[in-house]
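Encoded as structure tokens, the structure appears first; notes follow it.
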Amino acid sequence: MIYRFPVTVYESAEQLTEAATTLLEATLSRTTDEDQVSIVLAGGSTPLPAYEALRNLENVIWSNVHFFWGDERAVGPEHEDSNYRMANDALLRHISISDENIHRMRGELPPEQAAEAYEQEIRETLALDPDGLPNFDLMLLGMGADGHTASLFPDTEALNERDRLVVANVVPQLNTTRITLTYPVLNASHRVLFLVTGEDKGEALQHVMTGDLESAPPAAHVIPEDGEVLWLVDRDAASKLDQTNAG
Ligand code: 6PG
């Protein structure tokens, strides 16, 4: 069975985490050649063990790394739902990196203001390509059971955004507004890594990998223009893929 994107199935979430950490390390170790590396962190729970594993990396010059987020909830940095807080607790406060290298979305501001401020911060921090887009070295993404990624949820306005880098996205199904990077930014990345685990992701993953693209869930529309996208999934999330495979 040929899938839409390169996908590797791991027997367990632990093995997936190991593989993800190795791929992250490959990018981060470039800092020892004085390269500046820009990484976008995903929220949710799947990436947490990989963030914890990064604490122990030795061949990384953290002062050459700039961390960004793909999305944020409309909460402050101390809130238990904050994607920044998750990454800070798991990794950032354990490594020697200055605040100037940590670019969190300010969820404590009104969402539209937070989105505008973040777009400004991206423009001020990173070189932009001829299309006015940042080319992140590594974009980490997860996927929800409904096939959303970052905070690009099915049937929400942000899916149609082609000009702005960051928007405040009203998500009626969660009765909230989220701050999220937009498809132009996701698709300008050098490398996108999806980390997906759990049985509940099976349907969405099958549609992402094998279904009609037009009607496929939001995660299927992350198709980097010049970069690459790799899907790391565990056996549970791939359960439907197996059935298709068995076809
Ligand atoms: C968020 C994330 C979101 C997440 C998926 C998967 O803010 O929640 O950015 O896009 O990656 O919902 O979440 P899990 O990893 O917890 O399954």
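The values are calculated or read from the model by the stated rules, or taken from the named source; none is laboratory data. Bear in mind the structure is a predicted one, so any value in this text is a computation, not a measurement. Using ideal geometry, Cβ is built from the backbone for each residue, glycine included, and neighbour counts are taken over all protein chains shown. These accessible areas exclude ligands, DNA and RNA; they are computed on the full protein's heavy atoms, side chains included. Shrake-Rupley method; radii C 1.70, N 1.55, O 1.52, S 1.80 Å.
Ligands, DNA and RNA excluded, the heavy atoms of residue 170 present near 90 Å² of accessible surface to a 1.4 Å solvent probe.
Note that segment 1-106 shows a convex hull volume over its alpha carbon atoms of 122 Å³ per residue. Solvent-accessible area assigned to carbon and sulfur over the chain amounts to 45 percent, based on a 1.4 Å probe. Listed values for segment 177-182 are Karplus-derived 3J(HN,Hα) couplings in whole Hz (6.51 cos²θ - 1.76 cosθ + 1.60, θ = phi - 60°), namely 10, 10, 9, 8, 5, 9, and x replaces Gly and Pro.
Once you have a ≥ b ≥ c as the square roots of the Cα gyration tensor eigenvalues for segment 9-59, tell me rounded if a/c is under 1.5, and otherwise prolate or oblate according to whether a/b is larger than b/c.
On the way: a/c = 2.26, a/b = 1.77, b/c = 1.28.
Judged from the Cα gyration tensor, segment 9-59 comes out prolate (a/c at least 1.5, a/b above b/c).
Of the residues 9, 122, 38, the one whose Cα sits farthest towards the positive end of the charge dipole of the chain is 9 (charges of +1 on Lys and Arg Cβ, -1 on Asp and Glu Cβ, taken about the Cα centre). Within 10 Å, at most 13 other Cβ atoms, and a DSSP state outside H, G, I, E, B define an exposed site. Report the longest part of the chain free of exposed trypsin sites (Lys or Arg not before Pro). The reported range is 56-161. In sequence order, segment 64-75 has phi-based couplings of 9, 10, 10, 9, 10, 10, x, 6, 8, 7, 7, 9 Hz under the Karplus curve 6.51 cos²θ - 1.76 cosθ + 1.60, θ = phi - 60°, and Gly or Pro positions carry x. Computed log10 I(q)/I(0) for segment 177-223 at 0.21, 0.28 Å⁻¹: -0.87, -1.12, from the Debye equation with unit scatterers placed on every C-alpha and solvent omitted. Based on the Kirkwood radius over alpha-carbon pairs, what is the Stokes-Einstein translational diffusion coefficient of segment 73-197 at 37 °C with 0.692 mPa s viscosity, in µm²/s? Roughly 215 µm²/s, to the nearest whole number. Annotation: Cα Rg of the chain relative to the compact-globule expectation 2.2 N^0.38 Å equals 0.96. The separation of segment 120-148 from segment 40-76, counted between C-alpha centres, amounts to 14 Å.
Given +1 on the Cβ of Lys and Arg, -1 on the Cβ of Asp and Glu, and no further charges, what dipole in debye does segment 1-142 carry about its Cα centre, rounded to the nearest 20? Don't jump to the answer; show the numbers that get you there.
Values: 9 positive and 26 negative charges, 45 e Å.
For this selection, approximately 220 debye.
Only one residue of 183, 195, 109 has its Cα farthest out toward the positive end of the dipole of the chain, where Lys and Arg carry +1 and Asp and Glu -1 on Cβ, and that residue is 195.
Note on the chain: with charges restricted to the Cβ of Lys and Arg (+1) and Asp and Glu (-1), its dipole about the Cα centre is near 160 debye.
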